[in-house]
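S.K.: I'd like to ask some things about the structure below.
Each value in this text was obtained by applying a stated rule to the coordinates, not by laboratory testing. Since this is a predicted model, take the numbers as computed values, not measurements. Neighbour counts run over all protein chains shown; Cβ positions are idealised from the backbone, glycine included.
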Amino acid sequence: MRQGWLGMALIAALASASGAMAADRLRIVAQKTGTLAWELDVIRAHDLARAAGLDLVVTELASPEAGKIALEGGSADIILADVMWVARERALGGQLQFAPYSSTLGAVMAPAGSTIASIEDLKGRKLGVAGGPLDKSWLMLRALARRAGFDLARQGEIAYGAPKLLAVKAEQGELDAVLEYWNLCADLEAVGFTRAIDMGDVQRRLGAKAPVAMVGYAFSESFAEANASALRRFLEVSARARDILATSPGEWTRLAPRIGAASQAALSIYRARYAEGAVRRPLDEEEADARALYRVLADIGGADLVGPARELDPGTYWRAPREAVR
């Protein structure tokens with residue numbers, strides 16, 4: 001990564017000296033309240049894109065679904081998306097590819113003093129599930145319960161709902177536990193809830209060697225082929241922004257209004273969980289674990305989740321061509 005960053009600095013220096021190298025324009029669509037929006041803010045604040053010879057045209061939208069529509073409609077080059085969505089689109093004929101972004105996932109959160117500490121403890125309990133019946137974390141939890149010998153969807157009292165609403169209901173004692181997105185987990189952790197079942201641990205028990213980046217950058221194959229160098233530099237800039245966020249408390253203070261953490265204590269937990277999600281291992285290892293989890297999710301989620309493909313397509317993960325790395 002250090003070599004890549006020095007390379008970007010050299011590119012910027014040569015461009016400045018010659019005045020002839022135009023910045024490569026990339027259209028990025030980000031969810032307004034999501035982590036990518038935070039990183040893009042850091043990229044702007046530290047002028048990282050210009051240093052890499054990039055011109056980032058950023059559009060912030062209200063939901064991840066809006067980003068998918070923008071990508072498929074041709075008004076965006078890069079979005080954040082779930083690897084399962086990218087795989088499903090490929091299975092249905094869409095030529096999309098994926099680059100890992102973050103392995104940060106949520107957890108089953110239980111109130112202080114709860115006896116819930118394992119998958120077996122959820123049997124017969126009232127469990128809130130954020131994201132709906134096809135949410136990847138919920139499906140992985142169901143798969144783990146199946147291995148423990150029971151059907152959590154049938155043998156638990158499941159309440160699907162909006163993440164924030166479920167967090168409120170959990171705090172009010174209306175739920176025994178709640179499977180939440182990682183940021184809502186941080187808010188609950190700050191008020192005394194515990195991570196009774198961590199989804200990273202669930203992934204390992206389902207066959208992964210380490211937490212898998214289920215969220216990543218999505219883009220079309222044709223875009224990646226035509227803009228391989230610019231895409232590589234953008235991924236390096238993104239990693240640089242993530243490092244800044246992970247190591248600079250002042251950035252979190254500056255971004256606090258955008259992040260919207262429920263308290264200062266929650267903001268500190270946000271930072272720790274965010275930093276844990278940095279993808280550091282080789283892409284081959286990441287893909288191998290994703291392939292193992294894909295089989296599990298395809299088995300339990302079926303065609304509604306993955307379309308007709310029962311195996312992860314070999315071309316799902318993008319690899320920079322050799323000439324783009326120079």
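S.K.: Please label the shape of the stretch 258-326 as rounded, prolate or oblate, based on the square roots a ≥ b ≥ c of the eigenvalues of the alpha-carbon gyration tensor (a/c under 1.5 means rounded; beyond that, a/b larger than b/c means prolate, else oblate).
M.R.: Oblate, because a/c is 1.5 or more while a/b does not exceed b/c.
S.K.: Kindly provide the helix-only [θ] at 222 nm of the chain, computed as the sum of -39,500 (n - 2.57) over DSSP H runs of four or more divided by all residues, to the nearest 500 deg cm²/dmol?
M.R.: Counting only the DSSP helices, I get -15500 deg cm²/dmol.
S.K.: Using a Gaussian network model on the chain with a 10 Å cutoff between Cα atoms, which of 99, 49, 303 fluctuates the most?
M.R.: 303
S.K.: Can you list the trypsin sites (Lys or Arg not before Pro) in the stretch 22-67 that are in a DSSP coil and have 16 or fewer other beta carbons within 10 angstrom?
M.R.: Answer by residue number: 32.
S.K.: Calculate the spin-label point distance for residue 303 paired with residue 285, positioning each point 7 Å from the Cα along the beta-carbon direction, and give it in nanometres.
M.R.: 3.8 nm
S.K.: Classify the stretch 224-295 from the C-alpha gyration tensor, please: rounded if a/c falls under 1.5, else prolate or oblate depending on whether a/b exceeds b/c.
M.R.: oblate
S.K.: Something else: Would you mind computing, in nm to one decimal, how far apart the modelled labels at residue 46 and residue 62 are, each placed 7 Å from Cα along Cα→Cβ?
M.R.: Going from the residue 46 label point to the residue 62 one covers 3.3 nm.
S.K.: Which stretch or stretches of the stretch 135-155 have amide N atoms under 17 Å from the point lying 7 Å from residue 92's Cα along the Cα→Cβ direction?
M.R.: Label zone hits: 135-136.
S.K.: Taking the Cα-to-Cβ direction at residue 171 and at residue 278 and moving 7 Å from each Cα, how far apart do the two end points lie in nm?
M.R.: Taking the two extended label points, one gets 3.1 nm.
S.K.: Here's another thing I want to ask about it. Regarding the chain, what's the average projected area of the Cα-atom convex hull, expressed in nm²?
M.R.: Quarter of the Cα hull surface area: 16.3 nm².
S.K.: Which of 136/164; 32/136; 68/169; 169/209; 68/209; 123/164 have a Cα-Cα distance over 28 Å?
M.R.: The pairs that break the limit, which is 28 Å between Cα atoms, are 68/169; 169/209; 68/209.
S.K.: A further question follows. Where Rh is the Kirkwood radius over the Cα pairs of the stretch 107-205, the temperature 4 °C and the viscosity 1.567 mPa s, what D in µm²/s does Stokes-Einstein return?
M.R.: 100 µm²/s
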